[in-house]
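> Structure in structure tokens, see below.
The values are calculated or read from the model by the stated rules, or taken from the named source; none is laboratory data. Since the structure is predicted, the reported quantities are computational estimates derived from the model, not experimental observations. Cβ placement follows ideal geometry from the backbone for every residue including glycine, while neighbour counts extend to all protein chains displayed. Just the protein is used for accessible areas: all its heavy atoms, side chains included, with ligands, DNA and RNA removed. Shrake-Rupley method; radii C 1.70, N 1.55, O 1.52, S 1.80 Å.
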Amino acid sequence: MSTGHLTIDLSAVIANWKALDQISTSETAAVVKANGYGLGSRRVARALARAGARKFFVATAEEAANVRNVLGDEHEIYIFAGHMSGDTDMISDLGLIPLLNSLDQMVMHLEALPNHPFGVQLDTGMNRLGMEPAEWGAVRDMALSQNPKLIMSHLACADEPDHTQNAMQLTSFRSMTDGVSVPRSLAATGGILLGSDYHFDLTRPGVGLYGGAPFANAKPVVQLDIPVIQVRDVAVGEAVGYGASWVAERPSKIATISAGYADGLIRAMSGQATLWHEGIPCPLAGRVSMDLLTVDVTDLPIPPRYLSILCPEQSVDDLAAVAGTIGYEILTSLGGRYSRRFIAP
Ligand SMILES: *Cc1c(COP(=O)(O)O)cnc(C)c1O
């Protein structure tokens, strides 16, 4: 087999959900958008449902349809994008719950699907999705008379506990929703860690479930092993890869392995990333190609069959840091060519 192998530990996902659920003073949902942060939303959702999660969140109706297939009808699936034109049949047939983001969406929803469950998304300062205070003020009585399932908002700076915008958004959320008897939700992973003031009735962790920052105590979930295609000797002064950017300073062994930027190992890792073999670091030699990486394995005692890039020695966030990005982007970029093997809980 020549593709990379992703090993996804579903018991670690469940342990992370339970740990965040312990911290949450409220019910804990699970965010499985972007195909479960690149790992496989159906397997993740099914495992978390068995572990006790009752509410799931996705970005779009299409994603919700994929998850609905593996969940029972008693599980609630919420859509952050709300009710978009063209989604009415899917929302109705699959029993999805749109989080209405604007007066326009509210009108569309109530006209197309009166009596169908919905939630409301409020903007408390991120200026991305949801109704602003004035808009909410205008539709509030009408919306509340239709018994929304949930009122939610999202924090822009929750991964920076000292950022003043956290308290500002909390105050804004309270002033828009205090006294309302509908369940409320404000916190994602970062918000859970800000403390119980932010928890309300439901928390919505995503990245922490998958082992990423800011949940520092997360168990790692993914291992990525990449097969070696060939190993060659490179003499002092010879160059490796596009642009001839790496030049051997000692007699070297270079392994060419079967993954590249088309598999989510972004080109910004060129000259930066390290691969690992049984605890021994092997630096990337030169640029990332579309399908291949070249790696300096001179220090290994024998030619390896595989090298690992996500492993106990290098977390998703470690790799993100060397590539100048965040763990979320590393996870959601994990490519479609990898074989995915799930360790069952
Ligand atoms: C992605 C997202 C989440 C989950 O955020 P994490 O930081 O991954 O925990 C929660 N709520 C909304 C609105 C989101 O877009």
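> From the set of residues in region 230-243 that are touching a residue at least 24 places away in the same chain (Cβ under 8 Å) and not in a strand (DSSP E or B), which is surrounded by the fewest Cβ atoms within 10 Å (Cβ to Cβ)?
Within region 230-243, the subset touching a residue at least 24 places away in the same chain (Cβ under 8 Å) is 230-232, 239-243.
From the residues that got through so far, the ones that are not in a strand (DSSP E or B) too are 241-243.
Working: GLY241: 20, TYR242: 15, GLY243: 9.
Checking each candidate, the answer is GLY243.
> Oh, and also: Any idea which residue in region 316-345 is least open to solvent (accessible area, probe 1.4 Å), counting only those that are in a helix (DSSP H, G or I) and under 17 Å from ASP291 (Cα atoms)?
The extreme case among them is ILE330.
> Return yes when ASP141 is open to solvent by 70 Å² or more (accessible area, probe 1.4 Å), in the same structural domain as HIS199 (by TED's automatic domain parsing) and assigned to a loop (DSSP other than H, G, I, E, B) and no when it is not. Before you say what the answer is, go through the steps one by one.
Numbers: open to solvent by 70 Å² or more (accessible area, probe 1.4 Å): yes; in the same structural domain as HIS199 (by TED's automatic domain parsing): yes; assigned to a loop (DSSP other than H, G, I, E, B): no.
Here the answer is no, as ASP141 does not meet what is asked.
> Let me ask something else. Check ALA59 against each of (1) small (Gly, Ala, Ser); (2) more than 24 Å from LEU144 (Cα to Cα); (3) touching a helix residue (DSSP H, G or I) at 6+ places or on another chain (Cβ under 7 Å) and name the one condition it does not meet.
Unmet for ALA59, out of (1) small (Gly, Ala, Ser); (2) more than 24 Å from LEU144 (Cα to Cα); (3) touching a helix residue (DSSP H, G or I) at 6+ places or on another chain (Cβ under 7 Å): (2).
> Looking only at region 5-26, which residues are more than 16 Å from PHE215 (Cβ to Cβ) and more than 16 Å from the ligand (Cβ to nearest atom)?
Across region 5-26, the qualifying residues are HIS5, LEU6, THR7, ILE8, LEU10, SER11, THR25.
> Restricting region 180-229 to residues that are surrounded by fewer than 17 Cβ atoms within 10 Å (Cβ to Cβ) and within 18 Å of GLY119 (Cβ to Cβ), which is farthest from the ligand (Cβ to nearest atom)?
Result: SER181.
> GLN121 versus (1) part of a strand (DSSP E or B); (2) more than 15 Å from the ligand (Cβ to nearest atom); (3) of a type in the set (S, T, N, Q): which is the lone unmet condition?
(2)
> I'm checking my understanding of the structure. Among residues of region 27-40 that are open to solvent by 20 Å² or more (accessible area, probe 1.4 Å) and not charged (D, E, K, R), which one is farthest from the ligand (Cβ to nearest atom)? Walk me through it before giving the result.
Pass one, region 27-40, residues open to solvent by 20 Å² or more (accessible area, probe 1.4 Å): 27, 33-35.
Still in the running and not charged (D, E, K, R): 34-35.
Numbers: ALA34: 8, ASN35: 13 Å.
Checked region 27-40; the qualifying residue farthest from the ligand (Cβ to nearest atom) is ASN35.
> Of the conditions (1) part of a helix (DSSP H, G or I); (2) outside the structural domain of PHE118 (by TED's automatic domain parsing), ALA216 fails just one. Which one is it?
So ALA216 meets the others, but not (1).
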